[in-house]
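See structure below.
The values are calculated or read from the model by the stated rules, or taken from the named source; none is laboratory data. The structure presented is a predicted model; accordingly, all values stated were derived computationally and were not measured. Cβ: placed from backbone, ideal geometry, glycine included. Neighbour counts: every protein chain shown.
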Amino acid sequence: MAKVSAEAKRNYFDKIKAYKAEVEKMQSQEKAMLTELQKDDTGKAVQRLKLADESLNILSYYLFMNELSVAILGIKNEAYLNDARKACYKALIYLEEIVSNHIDVPFSDYEDRLLEIKSIPVNEKWDLIRKLGFSIQSIEESYGENTKWRWSFVELEARMATVMKNMINLKRIVTDTDPRNDNYQIHTEHVRLAKELMQIAADGYRQKYELSTHRQDDFKIAISYLSSLRRLHIILGESEQSDALKKKIEIWKTKMETDSKNREKKEKQARRLR
């Protein structure tokens, strides 16, 4: 790697000065909003939506400062990439605090949470979800392939899938996706993408189990996403997809149990040889 000149460094720091100041300003606003939430939690869900949006705005500045580093210095700025990743987690946490992080539970377990953001226009909630998805994708692309954070992105994408699913009013899902509904297109796309992301989440955690951790907890999470996806298909009356997922879940559970027994067998054999 070529050495970065002092002039290039000065140029870079001059370029990002204004962006760093903007980030600090937004962080101060975020702290002020959190302080207000602690004093008065009236409308706290709506405030957390704003906080999530602000975190994604901050994230975009971190990514841009990394892009400037690549363009001017010829190297990635790992510090700003890590700050962007942390800002993404923060945005997810704010959203989870609103609609919960439950993967596969009855709608009644978190239904009341949706009432708190009922007044927010459908398109605004959808725009925020899309912004979150774009942010995660942008972070992944900025890190590039073979990053040590590969499995961290599996978690990020899965948590986004959970939030997306939990933002859907499952009691109204059939009505909302009816072509006669004014927001039919948004609701339909929301449901379609939630299904897609839940399948990706299941596959991601299955890969994490197979290629990295071999932890049963990861396999269980993968199966939970399949079960949650199946729940959606059942509500929508999509019996063919539901039946296919039921078989897949049974196969995955059998695989998990077989692996567990094989590991126990190997551990017993290893103990005998000591």
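Key figures for this structure:
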read-out	value
Checklist (1) closer than 29 Å to residue 212 by Cα; (2) in contact with a Lys or Arg (Cβ under 9 Å, 6 or more places away or on another chain) applied to residue 97, failing item	(1)
Condition met for residue 95 (closer than 14 Å to residue 156 by Cβ and either at pLDDT below 95 or crowded, with 18+ Cβ neighbours inside 10 Å (or both))	yes
Lone qualifier among 51, 37 - being in contact (Cβ under 8 Å) with a residue 40 or more places away in the chain and part of a helix (DSSP H, G or I)	51
In the range 131-181, the residues that are within 19 Å of residue 219 (Cα to Cα), of a type in the set (Lys, Arg) and at pLDDT 95 or above	159
Subset of the range 79-134 (residues that are closer than 20 Å to residue 191 by Cα and in contact with a Ser or Thr (Cβ under 7 Å, 6 or more places away or on another chain))	101, 103, 104, 110, 113
Selection count, the range 184-222, where residues are surrounded by 22 or more Cβ atoms within 10 Å (Cβ to Cβ) and among the β-branched types (Val, Ile, Thr)	1
Pair list, Cβ < 7 Å and 6+ apart or interchain, from the range 82-109 residues that are touching a residue at least 40 places away in the same chain (Cβ under 8 Å) to residues that are of a type outside the set (A, V, I, L, M, F, W, C) and surrounded by fewer than 15 Cβ atoms within 10 Å (Cβ to Cβ)	102/109; 107/171
